[in-house]
């Protein structure tokens, strides 16, 4: 696949990433019964609309969705990073402990000793951001 082909399909790939992330979070909460913590909810609030926005952009071949996707994915990226640090860095969780429900420092999964749910979200947001950066911004008519 050459550069032109990859750029052409980057919107589609970003949409697939957002769908997998959305279905993965629903699997963990609805099928496995993991109760989302506060930071998980914020990540969901930012990921779920991406599946819809990127889906519409993919089917309409509208690369202008980049201007909506990048801010949502970037905020989600920072929240995921913060959440992952809260889980893995000793003492980091004391910066903002969760007030109610499941503590944000708890780990439902810990695959290979480092892959937690916030890590998976972090990877998804990272992939979406990188794929959006491959898309050329539409030229404005002056």
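Taken together, the values in this text are just the output of simple stated rules run on the coordinates, not laboratory data. Everything quoted here is computed from the prediction, not taken from an experiment. Using ideal geometry, Cβ is built from the backbone for each residue, glycine included, and neighbour counts are taken over all protein chains shown.
Gain in length, residue 52 to residue 35, computed as 0.36 nm per residue apart minus the alpha-carbon separation, to one decimal in nm?
Using 0.36 nm per residue and subtracting the Cα-Cα distance, I get 3.8 nm.
Run the helix sum for the chain: -39,500 (n - 2.57) per DSSP H stretch of 4+ residues, divided by residue count, reported at 222 nm to the nearest 500 deg cm²/dmol.
Result for the chain: -21500 deg cm²/dmol, rounded to the nearest 500.
From the square roots a ≥ b ≥ c of the eigenvalues of the alpha-carbon gyration tensor of the chain, which class results: rounded (a/c under 1.5), prolate (a/b over b/c), or oblate?
prolate
Mind pulling the angle between the C-alpha long axis of helix 66-88 and the longest principal axis of the chain? Nearest 10 degrees, somewhere in 0 to 90.
The angle comes out at about 20 degrees.
Please rank 67, 7, fewest neighbouring Cβ atoms within 10 Å first, as an exposure proxy.
Exposure proxy ranking, most exposed first: 67, 7.
Could you put 66, 136 in order, starting from the residue whose Cβ has the fewest other Cβ atoms within 10 Å?
136, 66
Ranked highest first by the average count of other Cβ atoms within 10 Å around their residues, in what order do 108-115, 83-90, 36-43 fall?
36-43, 83-90, 108-115
Output the 0 to 90 degree angle, nearest 10, between the alpha-carbon long axis of helix 117-134 and the longest principal axis computed from the alpha carbons of the chain.
Its long axis makes an angle of about 20 degrees.
Going by how many other Cβ atoms sit within 10 Å of their own, how do 32, 44 line up, fewest first?
32, 44
As an exercise, use a Förster radius of 22 Å and the Cβ-Cβ distance of residue 108 and residue 45 to find the FRET efficiency, rounded to the nearest 0.05.
With R0 = 22 Å, the Cβ-Cβ based efficiency is 0.70.
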